[in-house]
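Report on one structure; see the data block that follows.
The values are calculated or read from the model by the stated rules, or taken from the named source; none is laboratory data. Keep in mind that what you see is a predicted model, and the values were worked out from it rather than measured. A quick note on method: Cβ atoms are made from the backbone with ideal geometry, for glycine too, and the neighbour counts reach across all protein chains shown.
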Amino acid sequence: MSLPLVSVIVPTLNRLELLAQTLSSVSAQDYGNLELIISDNASTDATGAFLAQLRNDRLTVLTRSFTLPMEANVTDAVQHARGKYMLLLSDDDLISNTYVSTMVAAFESDDAVQVGLGRRVLIDGASQILHQAEPLSADAQVEAAEPWLTRYFTSPTAHSQINTVFSTFYRRSAWLDAGGQPTLSGSYFSDTIPFVGVLNRQAKVFYAPEAVFLYRLHQNQESLQATSAAKQAYAGMFQFFEQLKPKLGDLSHSEPLKAALIRYILMMFFNACGQFATEQKISAPDLYGFFWDALSRPSHSRAGSAGTADRSPMRPADPALA
């Protein structure tokens, strides 16, 4: 029986030395049917010359003439992929050599599995381990999407134990059907859209602690603390919930999941942009109420009934934000 094709997509921009390590990580996989798509987002270092020297019939190099938003670069690159499955990998991160084979085995054994996740380990610019978080579970497990998502978004630590964009394993067609990676201000919100969008009440999530994702922290990473970036992140939250609402599908009926999602996004925003929020007197409880109403409001309200709008369900109190 032939192995299904897996597309590994690596967007890159001016990180040649780290990119070379990432590509070595991909070539070390023990899985035998991979294609690699590298999307050079108009690098100005020696990345282009390096990629021009690579020769492999399983390699596709996309060269941008100008720099796209990261999300647009990713989504366009996936359009060039052919695999049944896909894995997005940042140009500065690494994966263990059984990562892909572990994911394929789980997906092939259960058609309901839509998302595959591994354990995140933090490394520095020299690939030295900085921190190894406790795994989400001691053993590999498959779980229904709704309780898994609710628990994940409720947890104050789970987001540091896995990644929901780079290293997440998907069925490529489902990722594309969910709309891909939307371009939002404050891009750390956008990864949650396809992550939730591919799931429904019949779907399952697979997690394997032995599938290790090495997430790199280094000086070249941009800070979101600057005021201009904080303003973009603030606008990005509103764009995020506009995009999220139609993606929830039948999961929109789960009040615990909606509450957990809102708290998670607010936590991300206030942790990254707390000074800006304080200066602008942005209130977490007020934002929680606003976004709850936005997610609960009917998508198509009836017009012309003496100006009376449909009312959203009463939102539950959230003592965590009080």
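One table, with the values for the structure above:
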{"quantity": "Enumeration of residues in segment 47-81 that are more than 21 Å from the chain's Cα centre (by Cα), surrounded by 14 or more Cβ atoms within 10 Å (Cβ to Cβ) and assigned to a loop (DSSP other than H, G, I, E, B)", "calculated": "64"}
{"quantity": "Test: residue 231 is among the charged types (D, E, K, R), crowded, with 16+ Cβ neighbours inside 10 Å and either assigned to a helix (DSSP H, G or I) or under 22 Å from the mean Cα position of the chain (by Cα) (or both)", "calculated": "no"}
{"quantity": "Condition check for residue 106: in contact with a Gly (Cβ under 7 Å, 6 or more places away or on another chain) and either in contact (Cβ under 8 Å) with a residue 60 or more places away in the chain or polar (S, T, N, Q) (or both)", "calculated": "yes"}
{"quantity": "Residue among 267, 237 that alone is modelled with pLDDT under 90 and either under 21 Å from residue 292 (Cα atoms) or of a type in the set (Gly, Ala, Ser) (or both)", "calculated": "237"}
{"quantity": "Cross-chain or 6+ apart pairs with Cβ under 6 Å, segment 64-92 first and under 22 Å from residue 24 (Cβ atoms) and in the same structural domain as residue 171 (by TED's automatic domain parsing), then modelled with pLDDT of 90 or more and among the aromatic types (Phe, Trp, Tyr)", "calculated": "86/170; 87/169"}
{"quantity": "Some residue of segment 196-217 being assigned to a helix (DSSP H, G or I), in the same structural domain as residue 123 (by TED's automatic domain parsing), of a type outside the set (Val, Ile, Thr) and modelled with pLDDT of 85 or more", "calculated": "yes"}
{"quantity": "Positions within segment 252-267 being among the hydrophobic types (A, V, I, L, M, F, W, C) and crowded, with 19+ Cβ neighbours inside 10 Å, in sequence order", "calculated": "257, 259, 261, 262, 265, 266"}
{"quantity": "Filtered residue count, segment 154-171, keeping only those that are under 15 Å from residue 271 (Cα atoms) and touching a residue at least 60 places away in the same chain (Cβ under 8 Å)", "calculated": "2"}
{"quantity": "Selection status of residue 21, out of contact with any Lys or Arg (no Cβ under 7 Å at 6 or more places or on another chain) and either closer than 17 Å to residue 174 by Cα or not in a loop (DSSP other than H, G, I, E, B) (or both)", "calculated": "yes"}
{"quantity": "Residues (part of a loop (DSSP other than H, G, I, E, B) and surrounded by fewer than 20 Cβ atoms within 10 Å (Cβ to Cβ)) located in segment 165-179", "calculated": "179"}
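For every residue, the table says whether it meets (1) in contact with a Cys (Cβ under 7 Å, 6 or more places away or on another chain); (2) free of Cβ contacts under 8 Å to residues at least 24 places away in the same chain; (3) surrounded by 15 or more Cβ atoms within 10 Å (Cβ to Cβ).
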{"residue": "3", "(1), (2), (3)": "no, no, no"}
{"residue": "9", "(1), (2), (3)": "no, no, yes"}
{"residue": "12", "(1), (2), (3)": "no, no, yes"}
{"residue": "17", "(1), (2), (3)": "no, yes, no"}
{"residue": "20", "(1), (2), (3)": "no, no, no"}
{"residue": "27", "(1), (2), (3)": "no, yes, no"}
{"residue": "30", "(1), (2), (3)": "no, no, no"}
{"residue": "37", "(1), (2), (3)": "no, no, yes"}
{"residue": "42", "(1), (2), (3)": "no, no, yes"}
